[in-house]
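Just below is one structure, and these are the notes that go with it.
The values are calculated or read from the model by the stated rules, or taken from the named source; none is laboratory data. Owing to the predicted nature of the structure, the values given are computational and were not obtained by experimental measurement. Every residue, glycine among them, receives a Cβ derived from its backbone with ideal geometry; neighbour counts consider all protein chains shown. Each accessible area value is taken on the protein alone, full model and side chains, heavy atoms only, with ligands, DNA and RNA left out. Shrake-Rupley method; radii C 1.70, N 1.55, O 1.52, S 1.80 Å.
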Amino acid sequence: MRHPGGPSIPHALGPVFDRAIDSLCAALGPESLRQYRGVVIRNFLRYLGTAHPEVSSLEQLRREPHLLGWMSRLRSQTPPLATSSLILRLTMMRAVLDELAWTEQLPQLGRLIRREDIPRHPQRLARPLTIEQDQLLQQEFIKRNDLEAN
């Protein structure tokens with residue numbers, strides 16, 4: 001199947017995933033549509049076609065080995081994916097699977113990617129103040145002499 005401005009989906013499941021993506025992105029912009037198609041086409045369906053060519057229907061999809069294998073491949077890429085990129089791909093794929101679970105009446109698809117599969121965003125610590133910044137803050141607090149400053 002060919003999309004305006006996008007590559008064809010080279011898999012038997014391409015058309016059904018394509019309809020789910022169109023449904024999800026109906027109210028979103030073209031960049032969101034491009035990203036969803038990228039996750040499904042370049043990532044998941046390409047992996048599925050290579051590693052599990054026997055899968056040709058949604059009913060055949062399983063958490064193990066299909067989704068866990070794909071997630072393992074994402075995590076083992078060289079160079080490694082940034083955590084935010086991994087989170088985005090898993091979240092988008094989960095949304096597509098949830099849409100398919102609903103539209104295709106296959107509730108098991110909604111359980112192929114679990115919440116705990118999606119890593120947390122790394123905790124970023126605040127940058128320490130420079131000596132100059134700290135001194136300016138201290139001077140401002142002294143000038144204000146109110147409850148918050150004290």
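General remarks:
- Phi-based couplings in Hz for segment 22-37 (Karplus 6.51, -1.76, 1.60; Gly and Pro marked x): 4, 5, 5, 9, 3, 9, 9, x, x, 5, 5, 4, 4, 5, 4, 5
- Peptides 85-98, 125-138 ranked from most to least packed, by the mean per-residue count of other Cβ atoms within 10 Å: 85-98, 125-138.
- Axis angle, to the nearest 10 degrees, between helix 131-144 and the longest C-alpha principal axis of the chain: 60 degrees.
- The value of relative contact order for the chain, using C-alpha pairs under 8 Å at least six residues apart, is 20 percent.
- Within the chain, helix-based [θ] at 222 nm, where runs of 4 or more DSSP H residues each add -39,500 (n - 2.57), nearest 500: -14000 deg cm²/dmol
- Portion, in percent, of the accessible area of the chain that falls on carbon or sulfur, probe 1.4 Å: 53
- Over 14 Å [Cα-Cα, segment 67-128], rounded percent: 62
- In this Cβ point-charge picture (+1 for Lys and Arg, -1 for Asp and Glu), the chain has a dipole of about 420 debye about its Cα centre.
- Amide H contacts of SER56 (H built 1.01 Å from N, under 5 Å, at least 5 apart or other chain): none
- Once the gyration tensor of the Cα atoms in the chain is diagonalised, the equivalent ellipsoid follows with semi-axes of 45, 17, 15 Å, ordered largest first.
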